[in-house]
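I have placed the structure first, in the form of structure tokens, so that the comments after it can refer back to it.
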Amino acid sequence: MAYNLQPLITILEGILDPDQPRWVVDENNPQLQSLLHKATSLQQLLDKSSLTKLDSRIREVAHRAEDIIESHMVDHMLSGSNCVRFTFSTSDLQQVTRDLDSLMEQAEKLDFAMQQQLKLVEMEDTKMLSISSSSSKSAVVKDS
């Protein structure tokens, strides 16, 4: 599921790479850094759990973010400007960032719930093993 975020992360890493000369994003750098951090954090969280309920929403938000960024890049290239500096609509980036925040919160809640379920299952397994072990010992004692 987290693979849906990889194209967005790749685009952001490319734009923010200080060694690339094509894109200079001074004004939007903090927002783009924040978006990259949130997307990377969400991907890491999803990599360690199976939060399939969020899959379509993540795909939608990641694609929207990719579309916004790529659209601005294409518009800038087609404008014929020799200037390597370009800016994004702050409201577009803010909305995508809010959407990723919301997804991160949902993913963390689901992850917490899954961890609680795993603890309950582990406790039940331990209890069953203990009961099974006790039954085996009493059966051996009765046979003697």
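The values are calculated or read from the model by the stated rules, or taken from the named source; none is laboratory data. Small disclaimer: the values here were computed from a predicted structure and weren't measured. Here Cβ is always computed from backbone atoms with ideal geometry, including for glycine, and neighbour counts include all displayed protein chains.
Annotations for the structure displayed:
- Scanning the stretch 79-114 for residues that are over 20 Å from Pro7 (Cα atoms), modelled with pLDDT under 85 and of a type outside the set (Ser, Thr, Tyr) turns up Gly80, Asn82, Cys83, Val84, Arg85, Phe86, Leu110, Asp111, Ala113, Met114.
- Being in a helix (DSSP H, G or I) and under 30 Å from Ser71 (Cα atoms) is a property that Gln115 lacks.
- Whichever residue in the stretch 75-98 is small (Gly, Ala, Ser) and under 22 Å from Leu8 (Cβ atoms) and, among such residues, is farthest from the chain's Cα centre (by Cα): Ser89
Results for (1) among the hydrophobic types (A, V, I, L, M, F, W, C); (2) surrounded by fewer than 17 Cβ atoms within 10 Å (Cβ to Cβ); (3) under 19 Å from the mean Cα position of the chain (by Cα), shown as yes or no for each residue.
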{"position": "Gln6", "(1), (2), (3)": "no, yes, yes"}
{"position": "Ile9", "(1), (2), (3)": "yes, no, yes"}
{"position": "Glu13", "(1), (2), (3)": "no, yes, yes"}
{"position": "Gln20", "(1), (2), (3)": "no, yes, no"}
{"position": "Leu36", "(1), (2), (3)": "yes, no, yes"}
{"position": "Gln43", "(1), (2), (3)": "no, no, yes"}
